[in-house]
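Here's a structure for you.
The values are calculated or read from the model by the stated rules, or taken from the named source; none is laboratory data. All values derive from a computational prediction rather than experimental measurement. As a convention, Cβ positions derive from the backbone with ideal geometry for all residues, glycine included, and neighbour counts pool all protein chains shown. Accessible surface areas use protein heavy atoms only, side chains included; no ligands, DNA or RNA. Shrake-Rupley method; radii C 1.70, N 1.55, O 1.52, S 1.80 Å.
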Amino acid sequence: MSYHPNNTPPPGNWMVGAILSIFCFWPLAIPAIIFAAKVNSLWNTGDYAGAEAAAKKAKMFSLIAITLGIIGMIIGGVITAMSIAAANQAVEEYNQEVDALEESLDADLEELDQLNSDLEELESY
């Protein structure tokens, strides 16, 4: 590990955060990984300011990607929950309509049976 002239270690490269951000919002994870990969090589070549700038950019892209990913997951969860609730309501309304039709059919069948009984009585005269 190289050290700055003041014996300070290189800045954290945020490689783990950059890689994890792929699962959250990959378009920003790509530049995060690229900048994270540059930190140590810039530090080792003596470009300390470049290494620190790359570390800051890697951190920024990683945090933005993770934040956007979490927001997207929350929005997706809310939309999914609302869709499930709407589907349940539609199924409930459908079941109520089916029950009403069954009751109406039962009433019509009872009326038909009564008419058949009346017809049989009339035919017996």
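Give the stretch 60-80 a look and list any residue that's open to solvent by less than 60 Å² (accessible area, probe 1.4 Å) and either in contact with a Phe, Trp or Tyr (Cβ under 8 Å, 6 or more places away or on another chain) or over 30 Å from residue 32 (Cβ atoms) (or both), or say none.
Within the stretch 60-80, 61, 62, 65, 66, 69, 72 meet the criteria.
Right, another one. Could you figure out which of (1) closer than 21 Å to residue 19 by Cα; (2) under 13 Å from the mean Cα position of the chain (by Cα) isn't true of residue 81?
Only one criterion is unmet by residue 81, namely (1).
Here's another thing I want to ask about it. Taking into account only those residues within the stretch 35-59 that are touching a helix residue (DSSP H, G or I) at 6+ places or on another chain (Cβ under 8 Å) and open to solvent by 80 Å² or more (accessible area, probe 1.4 Å), which is farthest from residue 17 (Cα to Cα)?
Only one residue fits best here, namely 38.
Could you list, in sequence order, all residues of the stretch 5-29 that are under 21 Å from residue 73 (Cα atoms) and surrounded by 14 or more Cβ atoms within 10 Å (Cβ to Cβ)?
Passing the criteria: 17, 18, 19, 20, 21, 22, 24, 25, 28, 29.
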